[in-house]
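Below: the structure, in structure tokens.
The values are calculated or read from the model by the stated rules, or taken from the named source; none is laboratory data. Predicted model, so just to flag it, every value in this text is computed and none were measured. Every residue, glycine among them, receives a Cβ derived from its backbone with ideal geometry; neighbour counts consider all protein chains shown. Note: areas computed on protein heavy atoms with side chains; ligands, DNA, RNA excluded. Shrake-Rupley method; radii C 1.70, N 1.55, O 1.52, S 1.80 Å.
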Amino acid sequence: MEDETNKNIKIGIIILIVVIVLIILVVIFKPIFANHHSSKYLIIDGTLILEKNGKGWDQITKVNDDILKQKYNVYADDEIYKESTLSYTSNQWYYMDKNYKNIDADKVRVAYSGEEKIGIANYDKSYYSQNDENVLREALAKDNVTNIDNFTNSTRKVTYDFDGDGIEESIYTTTNKSLEYSPETKVSQLFATKNGQVTQVIASSANTPYFIREVLDINEDGKYEFIVTKGMVDIPTFDTCYQIYGLDNDTWQLIHDCK
């Protein structure tokens, strides 16, 4: 009986020691895993920083040392500068190619690290014209808007063959929201057209305007996604809400939202 008691005590001590060791290991290694980064970053327009995770991308709202120690492919002025380095000082990005020559920051569209092959679209960007009147009226009618006069100045569109079928599509953003007070009902829209017809009102909101920032193929499927800011009226910052939309069965779907 005494031997059995001693045996149980020894087993209990061993279990206690194992538990203590496991707790110590967790305390030691948890900060390491918590601070682990993928080393795969995508920087768009100098204001959006995305970090690759297992399922997609996370938005980073502050420049950190891990971002700055990577080597980047920098797309600027229709050229890719490989193995470039980045620095960030006084709220300004600085880019340097592998030969230690400066890259004009004003011409940089995208910088990315890691093994991803990011496709950069050469899309057309334009303002509202008389040719857009019919589709603008058609799209806004879905939000019961009959007078488009206060929307035309803020209407923008990008045109590109997003799905690779040889026919260009246009993605419009429009809003009557401004920094000046106006008593009229606010409407902001993101909509798509093809062959001069509205194919989809992708998103609509009362108080959060949309603005297209870039068109990319971020998942190497040959189809291009577009990235918008949501709710921005003035200048975007690192913590501005960015969304990514992609095609799924010829329909635009939100594939990344801000938190």
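Accessible area per residue for the chain is 60 Å², calculated with a 1.4 Å probe on protein heavy atoms, without ligands, DNA or RNA.
On a 0 to 90 degree scale, rounded to 10, what angle separates helix 2-34 from the longest Cα axis of the chain? Tilt of helix 2-34: around 30 degrees. Classify region 115-259: rounded, prolate or oblate, from the alpha-carbon gyration tensor (a ≥ b ≥ c, eigenvalue square roots; a/c under 1.5 rounded; otherwise prolate if a/b is larger than b/c)? Oblate shape, in that a/c is at least 1.5 and b/c is the bigger or equal ratio. Net length available on complete extension from LYS55 to SER90 is 9.3 nm, with 0.36 nm assigned per residue and the Cα-Cα distance removed. Which FRET efficiency, nearest 0.05, do ASN195 and GLU220 yield, Cβ-Cβ r, R0 35 Å? Efficiency at R0 = 35 Å is approximately 0.80.
With θ taken as phi - 60° and the Karplus curve 6.51 cos²θ - 1.76 cosθ + 1.60 applied, the whole-hertz 3J(HN,Hα) list for region 59-64 is 7, 9, 9, 8, 5, 10 Hz, x standing for glycine and proline. Averaging the sequence gap over all C-alpha pairs within less than 8 Å and six or more residues apart, then dividing by the number of residues, gives the chain a relative contact order of 13 percent. Loop-located GluC sites (Glu not before Pro) across region 46-123 with a Cβ neighbour count of 12 or fewer within 10 Å are GLU115, with loop assigned by DSSP.
Remark on ASP161: its backbone amide H falls under 5 Å from those of GLU169, a criterion applied only to residues 5 or more positions apart or on other chains, H modelled at 1.01 Å from N. Using the Cβ of THR193 as centre and a radius below 14 Å, the other residues enclosed give a net charge of -4, where K and R count +1 and D and E count -1. Close amide H pairs (under 5 Å, H built 1.01 Å from N) link ALA203 with LEU190, residues at least 5 positions away or on another chain.
Per-atom-type breakdown for the chain gives carbon and sulfur 50% of the accessible area (1.4 Å probe, protein chains only).
Structure remark: mean-square fluctuation, Gaussian network model of the chain, C-alpha springs under 10 Å; the largest value among TYR88, TYR245, TYR112 belongs to TYR88. Taking VAL18, VAL108, VAL233 as the candidate residues, the one with maximal mean-square fluctuation in a Gaussian network model of the chain, Cα springs under 10 Å, is VAL18. Of the GluC sites (Glu not before Pro) found in region 174-259, those in coil by DSSP whose Cβ has at most 15 other Cβ atoms within 10 Å are GLU180, GLU184, GLU220.
Stretched out straight at 0.36 nm per residue, the stretch from LYS125 to VAL233 would grow longer than its current Cα-Cα span by 37.0 nm.
With springs only between Cα atoms under 10 Å apart, run a GNM on the chain and tell me which of SER90, SER178, SER204 wobbles the most. Taking springs between Cα atoms under 10 Å, the residue moving most is SER90. Could you tell me which label, among (i) 14.8; (ii) 29.4; (iii) 22.2, carries the value of mean projected area of the Cα convex hull in nm² calculated for this structure? Here mean projected area of the Cα convex hull in nm² agrees with entry (iii).
Restricting region 154-217 to chymotrypsin sites (Phe, Trp or Tyr not before Pro) that sit in a DSSP loop and have at most 13 other Cβ atoms within 10 Å of their own Cβ leaves TYR181. Summing Lys and Arg as +1 and Asp and Glu as -1 over all other residues whose Cβ lies under 13 Å from the Cβ of TRP252 gives a net charge of -3.
Against the empirical 2.2 N^0.38 Å (N residues), region 153-214 has a Cα radius of gyration ratio of 1.24.
Other residues whose C-beta falls under 11 angstrom from the C-beta of LYS82 contribute a net charge of -1, scoring Lys and Arg +1 and Asp and Glu -1. A cut-off of 5 Å between modelled amide H atoms, ignoring neighbours fewer than 5 places along the same chain, links ASN176 with VAL187.
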